[in-house]
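These notes are about the structure you will find just below.
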Amino acid sequence: MNRTCCSLLSLALVACVSMVSVRPSAAAEFSVEQHKGGVTVKIDGQFFTDYLTETGPKPILWPIVGPYELPMTRAFPMKKVEGEKQDHPHQRSLWFTHGDVNGVDFWSELKGHGSIVHRAYLKVEGGENAAVIATRNDWVDANGKKVCEDERRLTFTVGSRGRTIDFDITLKASEGPLTFGDTKEGAMGIRVPTVMDVNSKQGGQIVTSEGLTDTAAWGKPASWVDYHGEIPVGKDEKKHVGIAVLNHPSSFRYPTRWHVRDYGLFAANPFGLKDFEKNDQLNGSYTMQAGESIALRYRFVFHKGDAAAAGIEQAFEEYAAEKK
């Protein structure tokens, strides 16, 4: 074989290798299984999470399984696990509520609190590369009187950075004028595993898109916030994982403020202002007239490593470029 033939053969082999290297990886298959009290989401037959409607006064996602098949939220109060903190029982894994809606407290579980009641599934669908759960819910006071309603759409995907959940929610003034009051107790929340929180002093850290860390992040606006740390997987081994929450630019009052705490609470709150700024002259409340609505949009990324290693800034840029 002459040199020309060899060269052509080499180029052909390189081209073949190149085509193999850029071929996309096999698509993930998502399945959904509706059951009494919720919907189970699986990826390629492996459990991802449960959307639960009957564990307490609001729908939640629990448990949520992330990198290395590790639990990504605290189990309490749904389940008691040795070594977990048992404070703030209303902080149930992953949820959406608010502490002042026409004067009703939907955030806590104290006497007189409101409840978010699941009314209907609008869509429950699995498939190649994604699953979707869409629901309609009524917000009712302690006497069962409806205050407002929401429609939420949860989209489950997986990519190079890890498993993701998009949580898009539309709040509707269905019963008349509706005010979301100014309080720090809200709204899009997740409670990180105890071993990951900053106070546990096992390497947990909070970092924002603005470069603020730990307690300095509380109450400040940011496009995204990441809470990461190490979780034991055996007697002498730990895995570094994190949770990033991204706020889409089309979301109401983007960039949101963050009610993120060193003890493990991690929440986005577009209605808190006077508490965050410690100034009673400020007012972050918002009133809708009958029939009006607002939309809030968040993406949860359950990833390996810290925010830098997971490329969370780039993940936000990609998310922000998506039309909603």
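The C-beta contact set for the range 207-224 (first residue on the phi > 0 side of the Ramachandran plot, second residue surrounded by fewer than 16 Cβ atoms within 10 Å (Cβ to Cβ), distance under 8 angstrom, 6+ apart or interchain) comprises Gly219/Glu277. Evaluating Lys145 against the criteria (1) of a type in the set (Lys, Arg); (2) surrounded by fewer than 18 Cβ atoms within 10 Å (Cβ to Cβ); (3) under 16 Å from the mean Cα position of the chain (by Cα) leaves one unmet condition, (3). Checking each residue in the range 236-250 for being of a type outside the set (Lys, Arg) and over 14 Å from the mean Cα position of the chain (by Cα) picks out Asp236, Glu237, His240, Val241, Pro249, Ser250.
Out of Tyr263, Tyr286, report the one residue that is of a type outside the set (Val, Ile, Thr) and more than 18 Å from Asp214 (Cα to Cα).
Working: Tyr263 fails: more than 18 Å from Asp214 (Cα to Cα).
It is Tyr286.
In the range 207-230, which residue that is in a strand (DSSP E or B) and farther than 22 Å from Ser251 by Cα is nearest to the chain's Cα centre (by Cα)? By that ranking, first place goes to His228. Scanning the range 268-324 for residues that are crowded, with 17+ Cβ neighbours inside 10 Å, among the hydrophobic types (A, V, I, L, M, F, W, C) and in contact with a helix residue (DSSP H, G or I) (Cβ under 7 Å, 6 or more places away or on another chain) yields Val301, Phe302.
Criterion first (aromatic (Phe, Trp, Tyr) and either surrounded by fewer than 24 Cβ atoms within 10 Å (Cβ to Cβ) or over 25 Å from His88 (Cα atoms) (or both)) does Tyr227 satisfy it?
It is false that Tyr227 is aromatic (Phe, Trp, Tyr) and either surrounded by fewer than 24 Cβ atoms within 10 Å (Cβ to Cβ) or over 25 Å from His88 (Cα atoms) (or both).
Scanning the range 51-66 for residues that are touching a Phe, Trp or Tyr at 6+ places or on another chain (Cβ under 6 Å) and among the charged types (D, E, K, R) turns up just one, Lys58.
Of all residue pairs spaced 6 or more apart or on separate chains, those with beta-carbon atoms under 9 Å, a first member in the range 89-110 that is over 10 Å from Gly181 (Cβ atoms) and free of Cβ contacts under 8 Å to residues at least 40 places away in the same chain and a second member that is of a type in the set (Gly, Ala, Ser) and part of a loop (DSSP other than H, G, I, E, B) are Pro89/Gly56; His90/Gly56; His90/Ser108. Across the range 43-98, the qualifying residues are those that are of a type in the set (Val, Ile, Thr) and either over 15 Å from the mean Cα position of the chain (by Cα) or farther than 25 Å from Leu110 by Cβ (or both), and the one among them that is surrounded by the fewest Cβ atoms within 10 Å (Cβ to Cβ) is Val81.
Select, from Asp182, Asp197, the only residue that is crowded, with 20+ Cβ neighbours inside 10 Å and either more than 17 Å from Phe106 (Cβ to Cβ) or among the hydroxyl-bearing types (Ser, Thr, Tyr) (or both).
The match here is Asp197.
In the range 296-324, the residues that are at positive phi and touching a residue at least 40 places away in the same chain (Cβ under 8 Å) reach residues that are of a type in the set (Val, Ile, Thr) and not in a loop (DSSP other than H, G, I, E, B) with C-beta atoms within less than 9 angstrom, at least six apart or across chains, in these pairs: Gly305/Val241.
No lab work stands behind these numbers, since they all come straight from the coordinates. Please read these numbers as outputs of a predicted model, since none were measured by experiment. Glycine gets a Cβ as well: all are built from the backbone with ideal geometry, and neighbour counts include every protein chain shown.
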